[in-house]
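Peer 1: Handing you a structure now.
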Amino acid sequence: MKKYTFTEKIDTRSGFGAGLAELGRTNENVVALCADLVGSLKMGEFIKDNPERFFQIGIAEANMMGIAAGMTIGGKIPFTGTFANFSTARVYDQIRQSIAYSSKNVKICASHAGLTLGEDGATHQTLEDIGMMKMLPGMVVINPCDYNQTKAATIAIAAYEGPVYLRFGRPAVPVFTPKDQNFEIGKAIQLTEGTDVTIVATGHLVWEALQASEQLDAMGISAEVINIHTIKPLDEAAILASVAKTNCIVTAEEHNILGGLGESVARILALNNPVAQEFVAVNDTFGESGTPAQLMEKYKLNDKAIITAVEKVIKRK
């Protein structure tokens with residue numbers, strides 16, 4: 001089987017910062033707004049190069065979404081930046097009414113998503129954001145897996161006409177996807193071929209799925225790993241083609257088990273090919289304070305949890 005390696009670990013939020021900086025040099029319509037978290041969102045390079053195209057809104061996230069929606073009327077492409085919890089739950093009404101309802105060309109860029117925000121705890125972590133955003137009609141939802149893919153996704157969404165939710169994280173994670181990749185919204189990426197089980201993963205869980213697949217291979221289990229970087233629109237064809245071979249699937253995500261990638265996959269299977277499915281996700285609870293590694297272990301969001309789910313789902317075939 002194909003094996004993946006990495007030479008460095010970088011946080012995905014830095015991929016966003018690098019992508020935004022490149023857009024600042026190549027697309028004069030791109031503007032950036034931030035809710036007093038410039039350092040956390042890695043917007044420094046964009047601001048240095050384009051001070052007239054940056055707007056510090058302060059701790060007023062709802063106002064930021066309204067301003068961003070208004071900017072699109074003049075042809076601007078606003079990228080908003082704050083923590084994922086404040087990008088969604090705190091401003092859901094403004095996003096629904098001012099952005100999604102009229103399909104405004106706003107890019108909602110959300111750092112510190114999931115449990116791996118870590119020590120800041122449950123009030124700053126968000127495990128509900130994918131569900132909230134994918135339910136908004138017309139909203140694209142993207143959750144890249146490493147620095148390179150986050151940078152590519154940031155650049156790609158500027159060319160897409162319509163609202164986008166781009167989710168990324170705080171901890172340094174392995175960089176294993178190509179540096180100059182072509183990011184295609186809604187197109188899954190098959191990372192390994194397999195015949196016994198399909199593993200579809202998103203965000204930080206993609207690397208964990210690859211680690212699990214290597215261990216499964218040593219156990220005589222052939223796993224097909226698919227990187228679902230776009231949760232909406234979901235690449236239904238790729239998922240159905242894979243389960244047609246393997247006849248079972250495991251979904252893995254740093255999100256609540258309710259409302260996330262797993263439930264979207266379950267809907268596709270129910271309508272087209274009902275096969276056994278197991279979920280690796282947070283089981284309907286809030287997070288807590290701890291290091292990212294401690295939290296991923298406690299809430300069973302790692303390679304070990306994926307292997308356990310695979311063993312269980314294969315028995316259900």
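The values are calculated or read from the model by the stated rules, or taken from the named source; none is laboratory data. Keep in mind that this is a model prediction, so the values were computed, not measured. A quick note on method: Cβ atoms are made from the backbone with ideal geometry, for glycine too, and the neighbour counts reach across all protein chains shown.
Peer 1: Check segment 50-67 and report whether any residue there is assigned to a strand (DSSP E or B) and among the charged types (D, E, K, R).
Peer 2: Looking through segment 50-67, none of the residues is assigned to a strand (DSSP E or B) and among the charged types (D, E, K, R).
Peer 1: How many residues are under 20 Å from residue 169 (Cα atoms) and in a helix (DSSP H, G or I) when one looks only at segment 68-90?
Peer 2: 7
Peer 1: Can you tell me which residue in segment 176-194 is nearest to the chain's Cα centre (by Cα), limited to those that are of a type in the set (Val, Ile, Thr) and within 21 Å of residue 16 (Cβ to Cβ)?
Peer 2: Of segment 176-194, the ones of a type in the set (Val, Ile, Thr) are 177, 185, 189, 192.
Subset that is within 21 Å of residue 16 (Cβ to Cβ): 177, 185, 189.
On the way: 177: 15, 185: 12, 189: 14 Å.
Of everything passing the filter in segment 176-194, 185 is nearest to the chain's Cα centre (by Cα).
Peer 1: How many of the residues in segment 263-295 are among the hydroxyl-bearing types (Ser, Thr, Tyr) and either surrounded by 14 or more Cβ atoms within 10 Å (Cβ to Cβ) or not assigned by TED's automatic domain parsing to the domain that holds residue 228 (or both)?
Peer 2: Summing the residues that are among the hydroxyl-bearing types (Ser, Thr, Tyr) and either surrounded by 14 or more Cβ atoms within 10 Å (Cβ to Cβ) or not assigned by TED's automatic domain parsing to the domain that holds residue 228 (or both) in segment 263-295 gives 2.
Peer 1: For segment 154-213, enumerate the residues that are over 23 Å from residue 81 (Cα atoms), in a loop (DSSP other than H, G, I, E, B), among the aliphatic types (A, V, I, L, M) and touching a residue at least 60 places away in the same chain (Cβ under 8 Å).
Peer 2: 191
Peer 1: Restricting attention to segment 296-313, report how many residues are touching a strand residue (DSSP E or B) at 6+ places or on another chain (Cβ under 6 Å) and either in contact (Cβ under 8 Å) with a residue 60 or more places away in the chain or surrounded by 15 or more Cβ atoms within 10 Å (Cβ to Cβ) (or both).
Peer 2: 7
Peer 1: Please tell me if residue 236 is surrounded by 15 or more Cβ atoms within 10 Å (Cβ to Cβ), of a type in the set (D, E, K, R) and without any contact (Cβ under 8 Å) to a residue 40 or more places away in the chain.
Peer 2: Against the criterion (surrounded by 15 or more Cβ atoms within 10 Å (Cβ to Cβ), of a type in the set (D, E, K, R) and without any contact (Cβ under 8 Å) to a residue 40 or more places away in the chain), residue 236 qualifies.
Peer 1: Scan 161, 184, 214, 224 and give me the residue that is of a type in the set (D, E, K, R) and under 30 Å from residue 290 (Cβ atoms).
Peer 2: Numbers: 161 fails: under 30 Å from residue 290 (Cβ atoms); 184 fails: under 30 Å from residue 290 (Cβ atoms); 224 fails: under 30 Å from residue 290 (Cβ atoms).
Every option except 214 fails the conditions.
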